[in-house]
Amino acid sequence: MTERSEQIGRIWERDPTVWTGADEAKWLGWLDEPRRMGERVAELDAFADSVAEENLDAVVLFGMGGSSLAPEVLRRTFGVESFHVLDTTHPEAIRNLERSIDLERTLFVSASKSGGTLETRSHTDYFWEKSGKKGSRFIAITDPGSELEHLAGERRFRHVFPGEPTIGGRYSALSPFGIVPAALMGIDVARLLANADRMADICRSDSGNPGYELGRQFGTGWREGRDKVCIAETSGGFGLWAEQLIAESTGKQGKGLVPAPGESPDGPDRQAAEPQIADPYALGGEFFRWEFAVAVAGAFLEINPFDQPDVQAAKDKTNEVLATGEEPAVEPEGSIDELLAQAKERDYVCVQAFIEPGDENDHRIADLVRKLRRRTGLVVTHGYGPRYLHSTGQLHKGGPNTGLFLQVVDDPGDELKIPGRPFGFRRLIRAQAAGDYASLKERGRRVARVHLEEI
């Protein structure tokens, strides 16, 4: 038996010694999820039809990381304008969303595997109050027994879709966290899942296994020093989802692949990765191919691709800041020039934008990225906070110390109260910025903070 066929076989046999021999076997439910979800298509279609019959204007999903990124990519890929994903705590973004929808004609989806995600719970409580506490306008997607499941029961939510506990968040695209939103978008989920199921079958093969081949490319590239994975742009923003999968799975123990959507693959520390999305429904297979690939890459890096030991650090720091009861100090510190002066060959620059998402600021961040790329010749990545804390944050703290981190902040505007909390969204996003900055500094990362008006 070849090394390739042995490794593929052991992955499908749930053998944790493919990686570190720790608890990996309990996180491999994603291998079977396309088939499992395929058996639930009739249930999902019936629910989506019942919602469609009400002629609602919009669906709003509250989620972070693995609960929001696959729905966002699906929304963009299929061009569904009536579906909104809220994964920011910026008060102005929340106000703008509220102004853009008719609260009486909107279905709200609260999605959190743990059921305790602070941002998701805060969004849920805010819109619960604003929409008149109507349980028929809310559904939940969460793992069995979670706080959110209990809350949904107390508030008589319209429906609760249970997640699969043997799947981690970043591997949940083909679970209810991705497929329920897909059904609500009017996507043919049977077709999407059939595509994923076909890819799962192909990824059992010893030869012509696209998931294994991509994972081997990632792993051998990393061993050769090509640790920046330059993901080709797609119209649906596939890289948004893939960067969490790669960063959170591999960025630990001082190792890691650095996902870089949209960056040029030309350079000695880079490798190209091209999503294969011939039509929107090919997303189903591509989600699975990349999940399998990153699991394979984890074996090359000799890490557990299913844990996230450093994610809690920023959350703890945020809670420390919030516990003071005071407005967090989020002032400029250092400068872009001082940060870039510390750059070394094979480093990367990461822009962490705790600002209001939207077209105008998207353009400003894109301009900043271009300038940083020209000045340094390095790979430049970027993300909005707090979204990236649930995506690439694990890599930033647990991966190699090759990042130059530039935090960009703005004035979040007036406070926006969160029901039942001693703080509002303004204080929350500032605490998240302060907490992550402190966490990076504690770990000896090179950091600077600038105001949006300075860039």
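The values are calculated or read from the model by the stated rules, or taken from the named source; none is laboratory data. Keep in mind that this is a model prediction, so the values were computed, not measured. Positions of Cβ are backbone-derived with ideal geometry, glycine not excepted, and every protein chain shown enters the neighbour counts. Side chains are part of the model used for accessible areas, which takes the heavy atoms of the whole protein and leaves out ligands, DNA and RNA. Shrake-Rupley method; radii C 1.70, N 1.55, O 1.52, S 1.80 Å.
See the values below:
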{"item": "Unique match (being under 15 Å from the mean Cα position of the chain (by Cα) and buried (at least 24 other Cβ atoms within 10 Å of the Cβ)) among Glu263, Glu291", "result": "Glu291"}
{"item": "Every residue from region 226-240 that is open to solvent by less than 30 Å² (accessible area, probe 1.4 Å), small (Gly, Ala, Ser) and within 12 Å of Arg75 (Cα to Cα)", "result": "Gly236, Gly237"}
{"item": "Among the candidates Phe161, Phe218, residue that is closer than 18 Å to Trp30 by Cβ, among the aromatic types (Phe, Trp, Tyr) and assigned to a helix (DSSP H, G or I)", "result": "Phe218"}
{"item": "The one condition in (1) within 27 Å of Glu3 (Cβ to Cβ); (2) not in a helix (DSSP H, G or I) that Gly211 fails to fulfil", "result": "(2)"}
{"item": "Close pairs (8 angstrom Cβ cut-off, 6 or more residues apart or separate chains): of a type in the set (A, V, I, L, M, F, W, C) in region 90-103, at pLDDT 95 or above and part of a helix (DSSP H, G or I) anywhere", "result": "Ile94/His123; Ile94/Tyr126; Ile94/Phe425; Leu103/Phe127; Leu103/Lys130"}
{"item": "Meets criteria (in contact (Cβ under 8 Å) with a residue 12 or more places away in the chain, over 24 Å from Glu81 (Cα atoms) and either buried (at least 19 other Cβ atoms within 10 Å of the Cβ) or out of contact with any Lys or Arg (no Cβ under 6 Å at 6 or more places or on another chain) (or both)) for Glu243", "result": "no"}
{"item": "Exclusive hit being crowded, with 16+ Cβ neighbours inside 10 Å, out of contact with any strand residue (DSSP E or B) (no Cβ under 9 Å at 6 or more places or on another chain) and in contact (Cβ under 8 Å) with a residue 60 or more places away in the chain, set Arg426, Arg430", "result": "Arg426"}
{"item": "Close pairs from region 189-203: first open to solvent by 50 Å² or more (accessible area, probe 1.4 Å), partner outside any helix (DSSP H, G or I) and not polar (S, T, N, Q), Cβ under 9 Å, at least 6 apart", "result": "Ile202/Gly208"}
{"item": "Criterion (in contact with a Ser or Thr (Cβ under 6 Å, 6 or more places away or on another chain) and either more than 30 Å from Glu24 (Cβ to Cβ) or of a type outside the set (A, V, I, L, M, F, W, C) (or both)) met by exactly one of Glu129, Glu149, Glu154", "result": "Glu149"}
{"item": "Residue among Gly65, Gly21 that alone is surrounded by 17 or more Cβ atoms within 10 Å (Cβ to Cβ), over 19 Å from Leu214 (Cβ atoms) and small (Gly, Ala, Ser)", "result": "Gly65"}
{"item": "Test: residue in region 297-312 that is outside any loop (DSSP other than H, G, I, E, B), in contact with a Pro (Cβ under 8 Å, 6 or more places away or on another chain) and closer than 30 Å to Thr376 by Cα", "result": "yes"}
{"item": "Counted residues, region 398-423 - those being crowded, with 20+ Cβ neighbours inside 10 Å, under 21 Å from Ala323 (Cβ atoms) and of a type outside the set (A, V, I, L, M, F, W, C)", "result": "1"}
{"item": "Subset of region 240-279 [over 17 Å from Ala70 (Cα atoms) and in a helix (DSSP H, G or I)]", "result": "Thr250"}
